[in-house]
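Computed from the coordinates by the stated procedures, all read-outs in this text should not be read as laboratory data. Because the structure is a prediction, the values reported are computed rather than measured. Here the Cβ positions follow ideal geometry from the backbone for every residue, glycine too, while neighbour counts run over all protein chains shown.
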Amino acid sequence: MNANSHRITRDRASRPALGRPRRVRRGQAAPAPQAGPFVRRIPAYSLLDEVALTRIEQQADWILDKVGVEFRGDAEALSFFAKAGARVDGERVRFEPGHVRALCATAPAEFQLHSRVPEHTVTLGGDHLVLMPGYGSPFVTDLQNGRRYGTLEDFQNFVKLAYLSPWLHHSGGTVCEPCDVAVNKRHLDMVLAHLTLSSKPFMGGVTSPERAQDSIDMARIVFGTDLMAKHAVMQGNINVNSPLVFDNVMSGALRIYAAEGQCVAVSPAIFGGAMGPLSPAAMAAQTLAEGMVGVALAQLVRPGCPCILGSFHSTMSLKSGALTFGSPEANLVTFALAQLVRRLGIPVRSGGGQVTASNAPDGQAMQDSAAAMWATLMSGTHQVWHAAGWLEGGLTMSYEKFVMDVDHCGMLLKMLGGMDVDDEALARDAYAEAGPGQNFLSTGHTMRHYATANYISDIPEPGPFETWVEQGSLSAAERATGRWKDMLARYEPPEMSTDTYSELMAFVERRKSGMEDEWY
């Protein structure tokens, strides 16, 4: 490959070319349009009182003491816990009440995920809020091409859309599965896309310890050894195999990220009635127990390792077994977990986001999503996963719903920014200028603020009924189609130095050439 070329050479049958990064000196980059890191001005809602919170914490301790958690196939993790004083019996680990909470004490309550541009560095913890797109969907859909397996081109498109959105602060992880790339190699293409098509924080691979290490090595090329030795620039999503099991893939990847001081995101996945009891209190207690054990392991590997604890929880139809989203029971768990994790002193990952079981970006999809997202944001969570694009219980990423969800994110962030009550907001000069019986449209106060006073949707307005009919009676999803296509048409990649780009490409090609394709 020509060392001076910015364009990525790819196997045309399966790997569409990335955009051409613009030339820039090492260390520089151009920010995407962005409203900036977000700090909430509305207080979090507290659902539970002290008695209820204490009972759930005691239940979590009971689970860890009497039932325990299994670490399957990971002798090193078992050794860490044995040395820390846990009761290890085969692959089962049990803890005295309070032990796991004590092990979590070295995790920071607040930390930053650094970007290669200051505008995109985010803070997790405190009153900060970070939104990111959906995660893990094998399928994608749009109104023109329908539902299909995701490709690398789709993955790259969603990274571009997240980069362009001023309301998403994070590039995400496996935004959709690039199913046209071999399973054992696709993590390289995904991390490459996050690093070259965006400058927002991102997630690396976790489907094996080796893929986690590849992700870290690629990030080190961009950020440098010195910065990554002191700061987190990426996250690893560690899913617990609920109920109460860590397999060696997840615990191994966890140890890799923790050893490098990168953010460990511990995420139990409990569907009430399947992976745990169906009552919200029991779901919250089990999630807390499983999540604390993951954070504890990260702290044993490297005290002070930045962690975030949350969940992907859901209710299910007890008639059909189908998952349900935005339900009142799931929202109660979201509120409870945010309180419990904040008491633990660790940043909270949401259990919700704009999630839905609907198969299309329709009224059900937006009703489910709005219900889940309201509870999520009012709970005081610090990082919201699945904030854009999610359909079909997570099986599908939708281009149209991505745009609709991002627009809703902007509305909700405007609300969470609170209300100013100062001299300018109270507008006494407008009353003096207009007087009784007059309208305020032409006052100086209106002229000063009309462009920014109200949130303006990015999705084209339908207009009056007659105009809407004349223009084809387009639904919101149909109007969103034009929006995402326009965003992709005007996308420009962030700048990256030629040397960094060439080194990244050489790493990816070297790693790929050393492996046979695996399609399991």
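Results, tabulated for the structure shown:
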quantity: Two-site label geometry, GLU329 and ASP420: point separation in nm, points 7 Å out along Cα→Cβ; calculated: 4.6
quantity: Convex hull volume per residue in cubic angstrom - Cα atoms of the chain; calculated: 179
quantity: Distance (nanometres) between label positions extended 7 Å along Cα→Cβ at ALA322 and ALA281; calculated: 3.1
quantity: Least to most buried among ARG87, ARG342 (fewest other Cβ within 10 Å first); calculated: ARG87, ARG342
quantity: In order through the stretch 384-391: 3J(HN,Hα) via Karplus (6.51 cos²θ - 1.76 cosθ + 1.60), integer Hz, x for Gly, Pro; calculated: 10, 8, 6, 7, 7, x, 6, 9
quantity: C-alpha center-to-center spacing [the stretch 429-508, the stretch 302-321] in angstrom; calculated: 34
quantity: Residue exposure sequence - TYR399, TYR450 - by fewest surrounding Cβ within 10 Å; calculated: TYR450, TYR399
quantity: Computed over the stretch 180-299, Cα set: Rg, Dmax in Å; calculated: 15.7, 47
quantity: Cα-centred dipole magnitude for the stretch 310-416, charges only on beta-carbon of K, R (+1) and D, E (-1), debye, nearest 20; calculated: 440
quantity: Residue order, fewest to most beta carbons within 10 Å, for PHE507, PHE465; calculated: PHE465, PHE507
quantity: Debye log10 I(q)/I(0) at q = 0.13, 0.18, 0.19 Å⁻¹ for the stretch 395-520, Cα point scatterers; calculated: -0.91, -1.10, -1.12
quantity: Magnitude of the charge dipole, the stretch 408-492, Cβ model with Lys/Arg +1 and Asp/Glu -1, debye to 20; calculated: 240
quantity: Furthest towards positive pole of dipole, VAL508, THR467, GLY125, structure part the chain, Cβ charges; calculated: VAL508
quantity: Top positive-direction residue, dipole computed over the chain with Cβ charges, set ASN239, LEU337, SER165; calculated: ASN239
quantity: Ordering of 297-305, 169-177, 484-492 by burial proxy (mean other Cβ atoms within 10 Å per residue, highest first); calculated: 169-177, 297-305, 484-492
quantity: Mean ellipticity per residue at 222 nm, deg cm²/dmol - from DSSP H runs of n ≥ 4 across the chain, formula -39500 (n - 2.57); calculated: -12500 deg cm²/dmol
quantity: Among beta bridges that DSSP assigns inside the chain, antiparallel share in %, nearest 5; calculated: 40
quantity: Which listed pairs, of LYS200/LYS485; LYS200/LYS414; LYS160/LYS414; LYS200/LYS230; LYS401/LYS512, have C-alpha distances above 26 Å, in listed order; calculated: LYS401/LYS512
quantity: Sequence-separation-based contact order of the chain, relative, with Cα cut under 8 Å and 6+ spacing, percent; calculated: 20
quantity: Square roots of 5 times each gyration tensor eigenvalue, C-alpha, the stretch 146-202, largest first, Å; calculated: 19, 13, 8
quantity: Karplus-derived HN-Hα couplings along the stretch 282-287 (A = 6.51, B = -1.76, C = 1.60, θ = phi - 60°), whole Hz, x at Gly and Pro; calculated: 5, 4, 5, 5, 5, 4
quantity: Backbone HN-Hα couplings from phi across the stretch 127-141 [Karplus 6.51/-1.76/1.60, Hz, Gly and Pro as x]; calculated: 9, 7, 9, 10, 10, 9, x, x, 9, x, 6, x, 10, 10, 8
quantity: Extension reserve of the TYR455-ALA82 stretch, reckoned as 0.36 nm per residue once the Cα distance is removed; calculated: 128.8 nm
quantity: Protection proxy ranking, peptides 366-372, 266-272, average beta carbon neighbours within 10 Å, highest first; calculated: 266-272, 366-372
quantity: Assigned charges on the beta-carbon of Lys, Arg, Asp, Glu; the stretch 79-159 dipole about Cα centre (debye); calculated: 400
quantity: Peptides ranked, highest mean first, by Cβ atoms within 10 Å: ranges 313-319, 279-285, 187-193; calculated: 187-193, 279-285, 313-319
quantity: Model label zone, ALA430; criterion: amide N under 15 Å from point 7 Å along Cα-to-beta-carbon; scope the stretch 446-460; calculated: 446-455
